[in-house]
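Step one of this worksheet: look at the structure below.
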Amino acid sequence: MFLSKVELAPRWGRNPYQWHRALWLLFPGRPNAERDFLFRVEGNVPGGGAVVLLQSVGAPVAAAEGVRVLASKSFEPMFTPGLVLRFHLVANPVKTIRDAQGRLDRHGAPKACRVPLIREEQQQEWLQRKLMGAAQLEQVEVAPRQPLYFRREGTAGKIVPVAFDGVLVVRDPQQLRALLLGGLGPAKSFGCGLLSLARG
């Protein structure tokens, strides 16, 4: 696995929907590959760009216009049961609500929509569910992030991310590694779901 610091030029950094597209440029020659990277916007660059923390299975290739790899290093996470770790996560805690009027989507299934969890208690419970079996939360602080507004295929949308910081205890190393690789929750293409871990 690789952890990289990437700078997105203003033409990419202003629109949340473009972040994911820009980062794909760092992994050329894979038109049909599934996404195997996660990212989190760590800061803004004067003029509208963004600095991104990128976690990927393969090394990013700095060959894309307006997408610059500032630093990159390989790492291999190793966990043992009982290990105490600090964590940081920006996520999009949501619940799914079914259509009360019984309408169906284009696949014939009951329509559903994701609704953000607003109360801190709900957000903490959501995180506990996501970590269940892999790790036990010992301490967590929740802080709201600025909502992300985007337009995709003519439809406007909004994501309400929150930042989680705290301490966890490893229960199942393999499950935790799977969460590290796959991320937590929806909106990964908008910079949510990357779980950062460090020894206390």
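The values are calculated or read from the model by the stated rules, or taken from the named source; none is laboratory data. The model shown is predicted, which means the values in this text are computed figures rather than measured ones. Glycine also receives a Cβ, built like all others from the backbone with ideal geometry; neighbour counts cover every protein chain displayed. Accessible surface is based on the protein model in full, side chains and every heavy atom, while ligands, DNA and RNA are left aside. Shrake-Rupley method; radii C 1.70, N 1.55, O 1.52, S 1.80 Å.
Condition first: touching a Leu at 6+ places or on another chain (Cβ under 8 Å) and part of a loop (DSSP other than H, G, I, E, B). Can you find one or more residues in segment 16-33 that meet it?
Checking segment 16-33: at least one residue is touching a Leu at 6+ places or on another chain (Cβ under 8 Å) and part of a loop (DSSP other than H, G, I, E, B).
Please give the number of the condition L168 fails out of (1) under 17 Å from the mean Cα position of the chain (by Cα); (2) open to solvent by less than 10 Å² (accessible area, probe 1.4 Å).
Unmet condition: (1).
Quick check on segment 159-172. Is at least one of its residues at pLDDT 95 or above, of a type in the set (K, R), on the phi < 0 side of the Ramachandran plot and part of a loop (DSSP other than H, G, I, E, B)? Reasoning before the result, please.
Quick first cut of segment 159-172, residues at pLDDT 95 or above only: 161-172.
So of that shortlist, the ones also of a type in the set (K, R) come out as 171.
From the residues that got through so far, the ones that are on the phi < 0 side of the Ramachandran plot too are 171.
From what is left, the residues that are part of a loop (DSSP other than H, G, I, E, B) are 171.
The answer is yes; a qualifying residue exists.
Take A134 and decide whether it is of a type outside the set (S, T, Y) and at pLDDT 95 or above.
Working: of a type outside the set (S, T, Y): yes; at pLDDT 95 or above: yes.
Judged against the criteria, A134 is a match.
Any chance segment 55-67 includes a residue that's more than 19 Å from A198 (Cβ to Cβ), assigned to a strand (DSSP E or B) and modelled with pLDDT of 80 or more?
yes
Tell me, please, whether a residue that is over 26 Å from L179 (Cβ atoms) and of a type in the set (V, I, T) can be found in segment 4-24.
no
Touching a residue at least 40 places away in the same chain (Cβ under 8 Å) and assigned to a strand (DSSP E or B), is that true of R40? Steps first, please.
Details: touching a residue at least 40 places away in the same chain (Cβ under 8 Å): yes; assigned to a strand (DSSP E or B): yes.
When the stated conditions are applied, R40 passes them.
Looking only at segment 4-57, how many residues end up being of a type in the set (A, V, I, L, M, F, W, C) and open to solvent by 10 Å² or more (accessible area, probe 1.4 Å)? Before you say what the answer is, go through the steps one by one.
Residues of segment 4-57 of a type in the set (A, V, I, L, M, F, W, C): 6, 8-9, 12, 19, 22-27, 33, 37-39, 41, 45, 50-54, 57.
Those left that are additionally open to solvent by 10 Å² or more (accessible area, probe 1.4 Å): 9, 12, 19, 24-25, 27, 33, 41, 45, 51, 53, 57.
Count: 12.
Exactly one condition in (1) touching a residue at least 12 places away in the same chain (Cβ under 8 Å); (2) open to solvent by less than 60 Å² (accessible area, probe 1.4 Å); (3) over 30 Å from E125 (Cβ atoms); (4) part of a loop (DSSP other than H, G, I, E, B) is false for G82; which is it?
(3)
Collect the residues in segment 65-79 that are surrounded by 12 or more Cβ atoms within 10 Å (Cβ to Cβ) and under 23 Å from L25 (Cα atoms), keeping them in residue-number order.
G66, V67, R68, V69, S72
Show me the strands (runs of 3 or more DSSP E) found entirely inside segment 88-157 where at least 1 residues are open to solvent by 90 Å² or more (accessible area, probe 1.4 Å), under 30 Å from Q174 (Cβ atoms) and among the acidic types (D, E). Before you say what the answer is, go through the steps one by one.
Values: elements: 94-98, 112-116, 135-144, 148-152.
Where strands (runs of 3 or more DSSP E) fall fully within segment 88-157 and carry at least 1 residues being open to solvent by 90 Å² or more (accessible area, probe 1.4 Å), under 30 Å from Q174 (Cβ atoms) and among the acidic types (D, E), they are 135-144.
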